[in-house]
Each structure stands twice: as C-alpha cells, then as structure tokens.
Amino acid sequence: MLTRSDLASLQQHREYPSISILAPTHRTAPQNKQDRIKVKNLVSKAIERLYREFKKREVAPVVKNLQALVKQVDWKHSTEGLALFASKDKSAAVRLPFRVKSRAMVDETFATRDLVYALNRTPPYRVLVLSHETRLFDAWKATLDEHMAKPFPVEHRGPGGASKLPGGLGINISGKRDDAHRAFFRSVDKAVAAVQKGNPLPLILVGVERNLAFFQEVTEQASAIVGMLAGNHDKTSPSELGKLVWPVFESAETLRRTEAFVKLDDAVSAGRYSSGIDQVWRSAVDAKCKTLLVEKDFKYAADLDSDGYQLLPYSGKGAAGLDDAVDEVIERVMATGGNVYFYSPGDLEIHQKIAAVLRG
C-alpha cells in the first residue's frame, strides 16, 4: 500500500519521458479476470505514444522497465486500484486502496494527483490484532492490507503461547503466564515501532480485553493509539474486520476534529492563526502551521509568484501553475510535522474554507 515516503519519492521525479499508468482493479472474481487485459491495453497505449515521439532504441529502457512492472504484478491479490510508474532510471508499482480513472500518460513527471488527493482527504491508519499470532494491517477506510514481511505475523512462542506453562509445586503458573504475555507484547511493540518509524500512522487495537490490557501496559506507542475494538477476531477475514474497525477510526477522527476546532477558537482569541487560502499558504511556506483545518472538498487552483510566496490567478501554464494549492498546503504542513483535519462543507465558512493554528 502507498506510503507518504513512496509518494514523496514519486513527486520528486523529473525526467522526460515518464510513463504513468492508472487502472481500477478488483479484489475478487469474476471482475478481476479483466484487470490484466485492461492494464496491458493501457501499457500498449503509452508505448505507442512513445514510439510516435521517439525512436524505439531511444526509449527502450523506459519500455523495458514498464513491461517488467507488468510482469511483477500479483493479479491474485489485487486491491481497488493499480499505479505503474516508469522512466529510464526509475520504476514503481503501487497497489491502491481506492478506485482511480483509467489513464495512460506520458509527461516529465509522474501523475500523482489522485494519490495525493486520496491520501490527504481520507487519512490511512493501522490495525493491530493482538493474539497469539498478532497481525498488523495498513488501512484506508474499510480496506485492510496485511503486513506479511517478517516479523509479522508475530507468533507467541513462550509459555502460554506455543510452549506449555511450567508446572510443579510452588510455581505461580498465572504469574509465569502473565510475564510471558508481557514479554511477547513487548516484542510486538518493538515490531510495530519499526514499522511506525518509517511511516507513522494512527493505530487501532483489536483483541480480547486481556490482550488489550497487556499491550497497553508495555507499549511505547500510546500516543499513536486512537481507538480499540474489543473481541476475539483471530479468524476474522480482512474484509470483515475492515467493516468493524472503520467506524472505530471514524469516531476517533471525529473527536480529534472537534478538539482541533476548539484549539482554533483559542488560537483566534490569541491571534495565533491564519484564515483563508492566501494567508494559510504564506504560513505553510514559512513552516508556521501547527494544525491545519480544511473543508474536505475545497480545491483552489493558482499560480505562484517568482518567490513562491504569493498565490496569483491561475493560468494553467508552466511550472508555476498549481492545479490545487490546497493539496500543496497539506503536503507542506505534514512535511513540517503539522497535523491536518478535514471538515464537511460549510464547517469553516467563516474562515473561507481553510484555517491554521500557528506555532507559538
């Protein structure tokens, strides 16, 4: 599943020609039977355009990279979308947890706007299913994508897990079992921390109350935990589990949005805020935005002045043109450690749809 570091790497790329293939895909049959054909048709379309502009030997490395990506696609484990990016020196295949419009593009940059929009407007999160075989998922809405790289799933091999509990006179069996559980969940916590370090996300815990309590006792991820789902879900499928945890995450996000709104009111009283896209843009450029609040459907096309500090009327021409300055603001705020919260249309009307709490 796409991470923000993946996205940043793709956005930094500049090289002509660069190919972007975006295609909706399907998780299950019979719909997924046509996915491979549709993607290959898009690839053929992009290659045909290359051959109209260049000699075949000139773009052979690009074509080779693109065709290699197609061969590597795991069609049996598709999600809702697929993105293929290829140039002479760079290539990447990304499974997407959301639908995209079918497109084949050749440009100087990779087509990442759909990816930016989806990640920004509906934030991803993680789900940790605590059990004797603990599983970790990346999540987007109700779509779960399981981490299968070692050490996940993490198996409890100690006493009370895969090993028998010690016996005999004078042995505190329950104490030994509890100590083994704590040790196991400390190892789980370290494994989660390693994943979070590269791409920190909000965390939903799932498990029976006993396991939830043990993990909370030993974890160093407390600040990332935003919600819990109590119950035994060892055998629950990812599709069914996604339906259960998505409302939990939504509820947590609602609370966080409410708290951010209160902080904005306090910031207005203290004069530590920006309001409207022009002011917020300048605050984002100066890395002053601690918290950004924006209506989720708000878009704003604009040009930049020569210093990149002021938004000008949109011309749609050249590198100075921004298809959506709002997405650019979001990326800048996140890159400087700020938080971003999204609201329904009209919630931020008094602030012209976007506002920021500024750092002191």
Residues of segment 101-115 being within 26 Å of Val333 (Cα to Cα) and surrounded by fewer than 20 Cβ atoms within 10 Å (Cβ to Cβ), in sequence order, are Glu108, Thr109, Arg113, Asp114
Within segment 193-207, tally of residues that are more than 22 Å from Glu250 (Cβ to Cβ) and without any contact (Cβ under 8 Å) to a residue 40 or more places away in the chain: 3
Does Lys45 meet the test of being among the basic types (Lys, Arg), out of contact with any strand residue (DSSP E or B) (no Cβ under 9 Å at 6 or more places or on another chain) and open to solvent by 10 Å² or more (accessible area, probe 1.4 Å)? no
Segment 331-355 residues that are over 16 Å from Gln279 (Cα atoms), paired with ones that are among the polar types (S, T, N, Q) (beta carbon under 6 Å, 6 or more apart): Asn339/Thr291
Can you find, within segment 119-135, the residue that is farthest from Met228 (Cα to Cα) among those that are of a type in the set (S, T, N, Q) and open to solvent by 10 Å² or more (accessible area, probe 1.4 Å)? Thr122
Output the residue which, of all residues in segment 79-99 that are open to solvent by less than 30 Å² (accessible area, probe 1.4 Å) and in contact with a Pro (Cβ under 6 Å, 6 or more places away or on another chain), is farthest from Val248 (Cα to Cα). Gly81
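The values are calculated or read from the model by the stated rules, or taken from the named source; none is laboratory data. Computed from a predicted structure; not experimentally measured. Quick reminder, even Gly has a Cβ in these numbers, built from the backbone with ideal geometry, and neighbours come from all protein chains shown. Ligands, DNA and RNA are stripped out before the accessible areas are found, and what is left, the full protein with its side chains, is counted by its heavy atoms. Shrake-Rupley method; radii C 1.70, N 1.55, O 1.52, S 1.80 Å.
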